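Just below is one structure, and these are the notes that go with it.
Derivation of every value follows stated rules applied to the coordinates shown; laboratory data play no part. The structure displayed is predicted, hence computed values, not measured ones. Cβ: placed from backbone, ideal geometry, glycine included. Neighbour counts: every protein chain shown.
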There are 2 protein chains.
Amino acid sequence: MSEVTLKTKGVEAVDKALHILSLFTTETPKLSLGEISQRSGYVKSTALRLLISLQNAGLIVATADKNYMVGPQTFRLGHLYQRSLRLEPIVRPVLRALVLRTGESGSFFRREGNIRICLFREDSSQVLREHVPEGEAVGLDKGAPGHVLSEFSDVDGTRPASEGQLGRLPIVSLGERGPDIAGIAAPVFGAAQGLVGAVTLSGPRTRFTPQAIDDMKPLVIQAASDLTGALGGSFYDRLSVVATRFDHVKQG
Amino acid sequence: MSEVTLKTKGVEAVDKALHILSLFTTETPKLSLGEISQRSGYVKSTALRLLISLQNAGLIVATADKNYMVGPQTFRLGHLYQRSLRLEPIVRPVLRALVLRTGESGSFFRREGNIRICLFREDSSQVLREHVPEGEAVGLDKGAPGHVLSEFSDVDGTRPASEGQLGRLPIVSLGERGPDIAGIAAPVFGAAQGLVGAVTLSGPRTRFTPQAIDDMKPLVIQAASDLTGALGGSFYDRLSVVATRFDHVKQG
DNA sequence: TCATAAAATTCCATTGAATAGAACGGTGTA
DNA sequence: TACACCGTTCTATTCAATGGAATTTTATGA
């Protein structure tokens, strides 16, 4: 109610309905009317009517046991979104190559507001692997890709990344997102759009030894550079800079 | 207005907003306010307010050139849907194996109302391949998986598939969905849920020679049987039936 | 099995949110 | 420079959304 009712406002009933939609998360993928009413703060009759509209649109489906889950239309729209970015044919092969050469899992993250979502993921074939499925939203403050997306968020067509920023690449994270999870990430830039996302290799910390990390670092940088090139970006074109700095990073 | 305002109805404003959302398709992923107003029939001021709510929820984003596209929240929700079905860990490996052994692309379709959507897809590495990306909605009347999903749609926990139905498997489609596209499909059943989906191999018609088709048929049947088993289903347990009929099918 | 509790669903008078269309402003085109 | 088109803001009217109570359905357990 008192949330954010400012600016040129939308339609309250729609806001409420979509708020209900947002209650469905990985942790709570299935909710009863009572839970929805409680969590949203809307009385049950109101929540129910909103749910009917959501169901008619196929965004929500009712289960046999009188619960609610997200519906098939979300899937259609979600893939429409994924395709609208036109990144998949570029990113997927690069990730696949990374995974083949390292045996760890490769992902591509994109910043959306103050979270990051896993747009693409290629799993390693290892039995032991961490798991951030595609579509998962994670905070910006944790993990190597999070740092990358924060650090380079102000990069756009007019303001390229500084040498100092590039010098710190790739960013390595050990035990941040979870005690046993490690990751190595680097930013991907587009021509005019600036920061597009972050490419990362991740896996169980036990396999990320100093030696292994040193082996993977140049591969991640190379992948980020390849992707940036494919998107028309040029920040990695100063390869001398990156190469020089990169030697430096390896020592650190 | 006169569309469908019957039954225990929901909330009109929400219906309108979600109708706007449904205007975004593969063919028209990007719409201006004018187009939205025209296609939906809502006056521009109304459409604009609904769009504001949709934007606040992250389901729609405005592009730099004053157009609208689906937003990142659809992606999050879409993958939540995909995961809520709990099919991916089961289906994906089977598809991958199919692709490896045949060189064609494998997909898993699910019926949603009177359309089918591609839930999972594993591309072949061949240069020439047809393309139905994940999330794409296709009609039930065309293509091998469409026929499968139609033919077995009445199968549920209480009414198993008849021998006659099973005998016609797998269903082969040549040049139906497009003049150059061929596919081989078979149904997947769950324990109590009945028909869960259809697994299919598809590719350019030129590679689907009678010989190649005969080679692929048992693999598709086997994949469908494996998936059905993994889901607790048992329709393929009458393997004698399937095997016998299958020999018959090969001759046909 | 029936009684009790809890949840979902329906109903309806009140009211304020959504609406339509006109007016405004901005941008590109002839 | 003027015109035409598109997006955006404004506002009085009205009808759709609301919430709470009533009713029905489902779950629990004695």
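Measuring nothing but label to label, 7 Å from Cα along Cα→Cβ, what are A:Gly175's distances to the other copies in nm, shortest first?
6.5
Against the longest principal axis of chain A, how steep is helix A:239-251, in degrees 0 to 90 to the nearest 10, with axes from Cα atoms?
Orientation of helix A:239-251: about 90 degrees from the principal axis.
When ranked by the protection proxy of mean other Cβ atoms within 10 Å per residue, highest first, what sequence do the peptides A:173-179, B:54-60, B:114-120, B:137-143 form? Please report the intermediate quantities before stating the final value.
Values: A:173-179: 14.9, B:54-60: 21.9, B:114-120: 20.1, B:137-143: 17.0.
Highest to lowest by the protection proxy: B:54-60, B:114-120, B:137-143, A:173-179.
State to the nearest 20 debye the size of the charge dipole of segment A:85-251 about its Cα centre, where the only charges are +1 on K and R beta carbons and -1 on D and E beta carbons. Display every interim value, and only then the final one.
On the way: 19 positive and 20 negative charges, 22 e Å.
Dipole size: approximately 100 debye.
How big is the C-alpha Rg of chain A next to the rule-of-thumb value 2.2 N^0.38 Å, as a ratio? Spell out each step's value before the answer.
Values: Rg = 21.0 Å, N = 252, 2.2 N^0.38 = 18.0 Å.
Dividing the Cα radius of gyration by 2.2 N^0.38 Å gives 1.17.
Every other copy gets compared here: list the nm distances from the B:Asp123 label point (7 Å along Cα to Cβ) to its counterparts, shortest first, one decimal.
2.0
At A:Leu33, with labels set 7 Å past Cα in the Cβ direction, how many nm apart are the copies from this one, shortest first?
3.9
With the crude spin-label approximation of a point 7 Å out along Cα→Cβ, what separation in nm comes out for A:Gln55 versus B:Gln193?
Going from the A:Gln55 label point to the B:Gln193 one covers 1.9 nm.
What residue among B:Pro218, B:Phe120, B:His19 has its Cα farthest toward the positive end of the dipole of chain B, where the charges are +1 on Lys, Arg and -1 on Asp, Glu, each on the Cβ?
Going by the Cα projections, it comes out as B:His19.
Please state, rounded to one decimal and in Å, the Kirkwood hydrodynamic radius that the protein assembly as shown gives when every pair of distinct Cα atoms enters the mean of 1/r. Please report the intermediate quantities before stating the final value.
On the way: mean 1/r = 0.0405 Å⁻¹.
About 24.7 Å for the protein assembly as shown.
Give me the angle, in degrees from 0 to 90, between the Cα long axis of helix B:72-84 and the longest principal axis of the Cα atoms of chain B, rounded to the nearest 10.
30 degrees
A:Ser150 to A:Val43: FRET efficiency via 1/(1 + (r/R0)^6), r the Cβ-Cβ distance, R0 56 Å, to the nearest 0.05?
On the way: r = 40 Å, r/R0 = 0.71.
So, using R0 = 56 Å, E works out to roughly 0.90.
Please report the residue of chain A with the smallest beta-carbon distance to the A-to-B rotation axis, and give that distance in Å, no decimals.
A:Gly78, 1
Quick one: of B:Lys44/B:Lys66; A:Lys9/A:Lys44; A:Lys30/B:Lys9; B:Lys16/B:Lys142; A:Lys16/A:Lys66; A:Lys44/B:Lys9, which pairs are farther than 19 Å apart, Cα to Cα? List each step's numbers first, then the result.
Working: B:Lys44/B:Lys66 14 Å; A:Lys9/A:Lys44 25 Å; A:Lys30/B:Lys9 23 Å; B:Lys16/B:Lys142 31 Å; A:Lys16/A:Lys66 21 Å; A:Lys44/B:Lys9 15 Å.
Long pairs (Cα-Cα over 19 Å): A:Lys9/A:Lys44; A:Lys30/B:Lys9; B:Lys16/B:Lys142; A:Lys16/A:Lys66.
Quick one: compute the contact order of chain A, relative version, from alpha carbon pairs under 8 angstrom and 6+ residues apart, as a percent. Walk me through the numbers before you get to the answer.
Details: 395 pairs, mean separation 34.4, N = 252.
Relative contact order for chain A comes out at 14 percent.
Convex hull over the alpha-carbon atoms of segment A:12-76: what's its volume per residue in Å³? Show your work: numbers first, answer last.
Numbers: hull volume 5.2 nm³, N = 65.
Dividing the Cα hull volume of segment A:12-76 by its residue count gives 80 Å³.
Which residue, chosen from A:Gly135, A:Thr228, A:Ala97, occupies the Cα position most advanced towards the positive end of the dipole of segment A:85-251, where the dipole is computed from +1 (Lys, Arg) and -1 (Asp, Glu) charges on Cβ about the Cα centre?
A:Ala97
About the Cα centre of the protein assembly as shown, how large is the charge dipole given +1 on each Lys and Arg Cβ and -1 on each Asp and Glu Cβ? Please answer in debye to the nearest 20.
Values: 58 positive and 52 negative charges, 121 e Å.
Charge dipole, the protein assembly as shown, about its Cα centre: 580 debye, nearest 20.
For the protein assembly as shown, build the charge dipole from Cβ charges (+1 Lys, Arg; -1 Asp, Glu) around the Cα centre, then report which of B:Gly146, B:Gln193, B:Leu50 sits farthest towards its positive end.
B:Leu50
Just to confirm the number: angle between the C-alpha axis of helix B:88-102 and the first principal axis of chain B, 0 to 90 degrees, nearest 10?
60 degrees
Quick one: go through segment A:70-110 and flag any residue whose amide nitrogen is under 16 Å from the point 7 Å out along the Cα-to-Cβ line of B:Leu85.
A:70-80
Under 19 Å from the 7 Å Cα→Cβ point of B:Leu33, by amide nitrogen: which residues of segment B:50-73?
B:50-71
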